[in-house]
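**Q** Quick one: the structure is below, and I'll ask about it shortly.
The values are calculated or read from the model by the stated rules, or taken from the named source; none is laboratory data. As the structure is a prediction and not an experimental result, all values here were calculated from the model. All Cβ positions, even for glycine, are placed from backbone atoms using ideal geometry, and neighbour counts span all protein chains on display. In case anyone asks, the SASA skips ligands and DNA or RNA and just uses the protein heavy atoms, side chains included. Shrake-Rupley method; radii C 1.70, N 1.55, O 1.52, S 1.80 Å.
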Amino acid sequence: VDRSTARSTVGNNVSLQGNYDPAELIESNGKTVETVQSSAKQMLKELGPQRLIANLGEGLGGKESPELVKAFVDAIHTESEKLIQ
């Protein structure tokens, strides 16, 4: 199920968890701080910034860049605040 369908199916009174692709955090996949910020923002637009546990669709595999993991966490915090206000 894609993210926006999941949110529209369960509504805003149910919490959702996960679904960020950990491949987005691997530099050798061509990912950058900017691509992580953009994809994290898209996830929030689709699932909503509230009633969301923003984490990975699966765990870290060891190839992820610490810088990109930090960019993901920072983007979730920053973009959530913008969407909630």
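**Q** (1) in a helix (DSSP H, G or I); (2) open to solvent by 50 Å² or more (accessible area, probe 1.4 Å); (3) at pLDDT 95 or above: which one isn't true of VAL69, the others all being true?
**A** For VAL69, the failing item is (2).
**Q** Then there's this: Conditions first: (1) surrounded by 11 or more Cβ atoms within 10 Å (Cβ to Cβ); (2) among the small types (Gly, Ala, Ser); (3) touching a residue at least 12 places away in the same chain (Cβ under 8 Å). SER28 passes all but one, so which condition is the exception?
**A** Going through (1) surrounded by 11 or more Cβ atoms within 10 Å (Cβ to Cβ); (2) among the small types (Gly, Ala, Ser); (3) touching a residue at least 12 places away in the same chain (Cβ under 8 Å) one by one, SER28 breaks only (1).
**Q** Based on this model, can you work out whether LEU52 counts as of a type in the set (A, V, I, L, M, F, W, C) and in contact with a strand residue (DSSP E or B) (Cβ under 6 Å, 6 or more places away or on another chain)?
**A** Criteria met by LEU52.
**Q** Return the residue satisfying two criteria in turn: it lies in region 9-25 and is within 10 Å of the chain's Cα centre (by Cα) and within 14 Å of GLU64 (Cβ to Cβ), and of such residues it is surrounded by the fewest Cβ atoms within 10 Å (Cβ to Cβ).
**A** ASP21
**Q** Can you tell me which residues in region 51-66 are within 26 Å of SER8 (Cβ to Cβ), outside any loop (DSSP other than H, G, I, E, B) and open to solvent by 60 Å² or more (accessible area, probe 1.4 Å)? Steps first, please.
**A** Taking region 51-66 and keeping what is within 26 Å of SER8 (Cβ to Cβ), we get 51-58.
Retained after the next criterion (residues that are outside any loop (DSSP other than H, G, I, E, B)): 52-53, 56.
ILE53, the sole residue that qualifies.
**Q** Provide a single number: the residues in region 72-85 that are charged (D, E, K, R), open to solvent by less than 90 Å² (accessible area, probe 1.4 Å) and either over 23 Å from ASP2 (Cβ atoms) or assigned to a loop (DSSP other than H, G, I, E, B) (or both).
**A** Step one: of region 72-85, the residues charged (D, E, K, R) are 74, 79, 81-82.
The next check asks that each one be open to solvent by less than 90 Å² (accessible area, probe 1.4 Å); those that pass are 74, 79.
Now drop any that are not either over 23 Å from ASP2 (Cβ atoms) or assigned to a loop (DSSP other than H, G, I, E, B) (or both), which leaves 74.
Number of matching residues: 1.
**Q** Something else: Give the residues of region 2-16 that are closer than 11 Å to LEU47 by Cβ and polar (S, T, N, Q), sorted by residue number.
**A** SER4, THR5, SER8, ASN12, SER15
**Q** Could you check region 14-50 and list, in sequence order, the residues that are part of a helix (DSSP H, G or I) and of a type in the set (A, V, I, L, M)? Even if it seems obvious, please write down each step before you answer.
**A** As a first pass, look at region 14-50 and keep what is part of a helix (DSSP H, G or I): 22-25, 27-29, 33-47.
Scanning region 14-50 gives ALA23, LEU25, VAL33, VAL36, ALA40, MET43, LEU44, LEU47.
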